[in-house]
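Notes follow the structure.
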Amino acid sequence: MAMGSQTSALIKQNSIVFHRIIMVLLLTCLPKSNTNDFLQSSSYRNSGPSSLANLPFQGLLVHDNLQFAAQDFGGRLSSLPLAVLHPGSVSDISLAVRHVYELGPSSALTVAARGHGHSLQGQAQAPGGLVISMQSLRWPKTSVFFTGKSPFVEVSGGELWIDILHETLKHGLAPKSWTDYLHLTVGGTLSNAGISGQAFRHGPQIDNVYELEVVTGKGEVLTCSEKKNSDLFYGVLGGLGQFGIITKAKISLGPAAKTVKWIRVLYDDFSIFSKDQEHLISLEESSFDYIEGFVLINRSGILNNWRSSFDPKDPVQASRFNSEGKTLYCLELAKYFDPQESESVTIEIDGLLRGLSYISFTLFQSEVPLLEFLDRVHVSELKLRQQGLWEVPHPWLNLLVPKSGIDEFAGEVFGKILTGNSNGPILIYPVNQSRQVSEHRRLQKS
Ligand SMILES: Cc1cc2nc3c(=O)[nH]c(=O)nc-3n(C[C@H](O)[C@H](O)[C@H](O)COP(=O)(O)OP(=O)(O)OC[C@H]3O[C@@H](n4cnc5c(N)ncnc54)[C@H](O)[C@@H]3O)c2cc1C
């Protein structure tokens, strides 16, 4: 189905569209960095390690069994810290950071906050330094507030998003913007960005924060927001852990629907696929709640694999579809709804799908509870763990590609470079920058 001129005009209006692409390219293992040289060096010996042990922490400072803090999901870099602090309070974090600050620039002791260690490239590691294991920080207890115009949840920086979801669902609410995988900490994703299929509407997770409590590089404990200590607020959000340690966050919530219609359709032409993504994210009101996509290179039997969880709209034609040897692009969509809205949502979805140009008999649908949809990657995690394929090196690459360059990028990378079937997942998130900015302003006004 060709797109109408009105659609093309809408796409042109949204000039600042980015595609975020995550690629697991090849599971190559690079040599691990060796920390022994550093640990034996004079700068290490002079860095005041013993003085850390004298600090009156409420939590635990440990010097043994530190291997977990030398690892991350990337699995390519490994550096042992000198010690790990399991903080019992925010004061513990403040005490530790102030101590390191007061040791001065001649000390080689570095500090890194560690959430769930699911980043890459040793981001949460501190070679020969102090790792602060944020998941030990159990304060504040996750609490939902309804004060003011918009509800929010107050959480510890070490809280996992999956646990926040469980808690907020008890109140019929949920955070609006997610990552694909929820077993990550608040501090870990807010110090990056937090982008998933909801970002086109709500912005990334960092656009959905009202307030933070932060331990600064000098060990001060400060509250910051758009209006208060705003430099710190915007420095810490997306600051890769370099501007302070997030100990508490207030995160915007919205109503949580109970159920999700989850849809997958296929394309064999990247530019048609990306135009349909751009069309959907440019619709003002009625669109999907989640828009993402992925690339399938030379995979056989994919439609059969989906059948355990998705129903083909046209089973006969779908069974004849042969994916072997092809590069295909899967547009993944979701619409949230409550059971009483099922009929009207179905009509709305049919209308939206009619405006797309996918291969007609490759429409696959499923209906799942919201929790199951949002926590979907965990199901894959359990399967991969069983096969010993979860804790392997992950040389991932994240790119923001502007709309103007995405077709050329796809032609070169998917058309010429990634032609084998040994690649990991390649995800494509359409992100509308102008929508993110307006969402952020709306949030700050409410
Ligand atoms: C399977 C999987 C799927 C993913 N999917 C997505 C996705 O869809 N979208 C997306 O945006 N990302 C995604 N990610 C990436 C993920 O969001 C980041 O790697 C995130 O940083 C991991 O959180 P973590 O708690 O494990 O952080 P860690 O790896 O522990 O830390 C990451 C960084 O944050 C810093 N940090 C940790 N806690 C704090 C704190 N409290 N205050 C300040 N700095 C802190 C660390 O020092 C480090 O620099 C995915 C990762 C995995 C493993």
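The values are calculated or read from the model by the stated rules, or taken from the named source; none is laboratory data. None of these values were measured; they are calculated from a predicted model. Here the Cβ is made from the backbone with ideal geometry for all residues, glycine too, and neighbour counts use every protein chain on show. Just so you know, the surface numbers come from the protein's heavy atoms only, side chains and all, with ligands and any DNA or RNA stripped out. Shrake-Rupley method; radii C 1.70, N 1.55, O 1.52, S 1.80 Å.
Quick notes
- Among the GluC sites (Glu not before Pro) within region 248-344, those in coil by DSSP and having at most 12 neighbouring Cβ atoms inside 10 Å are 284, 285, 324.
- Centroid-to-centroid separation of region 276-305 and region 81-152 [C-alpha atoms, Å]: 37 Å
- Calculated [θ] (222 nm, deg cm²/dmol) that DSSP helices of n ≥ 4 give over the chain, each run adding -39,500 (n - 2.57): -8500 deg cm²/dmol
- Using alpha-carbon coordinates, inclination of helix 433-445 to the longest axis of the chain, degrees: 60 degrees
- Between helix 90-103 and the chain: long-axis angle, C-alpha atoms, 0 to 90°, nearest 10: 60 degrees
- Antiparallel content of DSSP bridges confined to the chain, in %, to 5: 90 percent
- Among 114-126, 143-155, the order from most to least packed when residues are scored by Cβ within 10 Å on average: 114-126, 143-155
- Shown is the FRET efficiency for residue 147 and residue 300, computed with R0 = 51 Å from the Cβ-Cβ distance and rounded to the nearest 0.05: 0.40.
- Annotation: average projected area of the chain is 22.6 square nanometres, based on the convex hull of Cα atoms across all directions.
- Proximal lysines to residue 250, defined as alpha-carbon separation beneath 22 angstrom and excluding residues fewer than eight positions away on the same chain: 141, 149, 170, 176, 227, 228, 445
- Rounded FRET efficiency, nearest 0.05, which uses the C-beta distance separating residue 285 from residue 416 and R0 of 45 Å: 0.70
- For the chain, the residue among 424, 247, 347 whose Cα projects farthest onto the positive side of the dipole built from Cβ charges is 247.
- Descending semi-axes in Å of region 374-427, equivalent ellipsoid built from Cα gyration tensor: 28, 15, 9
- Under 19 Å from a label point set 7 Å out along the Cα-to-Cβ vector of residue 398, the amide N atoms of region 198-219 belong to 198-210.
- Once the Cα atoms are used to define both axes, helix 342-354 deviates from the longest principal axis of the chain by about 80 degrees.
- Global dimensions of region 152-279 from alpha-carbon coordinates: Rg and Dmax equal 16.6, 55 Å.
- FRET E, pair residue 372, residue 89, Förster distance 35 Å, beta-carbon r, rounded to 0.05: 0.45
- Residues in region 36-136 average 45 Å² of solvent-accessible surface per residue, probe 1.4 Å, ligands and nucleic acids excluded.
- Scoring 217-224, 384-391 by mean Cβ neighbours within 10 Å over their residues and listing the highest first yields 217-224, 384-391.
- Solvent-accessible heavy-atom area per residue, rounded to whole Å², over region 143-255 at 1.4 Å: 35 Å²
- Ranked by how many other beta carbons lie within 10 Å on average, peptides 159-171, 74-86 from highest: 74-86, 159-171
- The chain - percent of accessible surface contributed by carbon and sulfur, probe 1.4 Å: 53 percent
- For a modelled paramagnetic label at residue 391, 7 Å from Cα along Cα-to-Cβ, the residues of region 70-93 in reach, with backbone nitrogen under 20 Å, are 70-81, 84.
- Inter-probe distance in nm under a simple model that places probes 7 Å from Cα toward Cβ, at residue 359 and residue 51: 6.5 nm
- For residue 240 and residue 268, the difference between the fully extended length at 0.36 nm per residue and the C-alpha to C-alpha distance is 6.4 nm.
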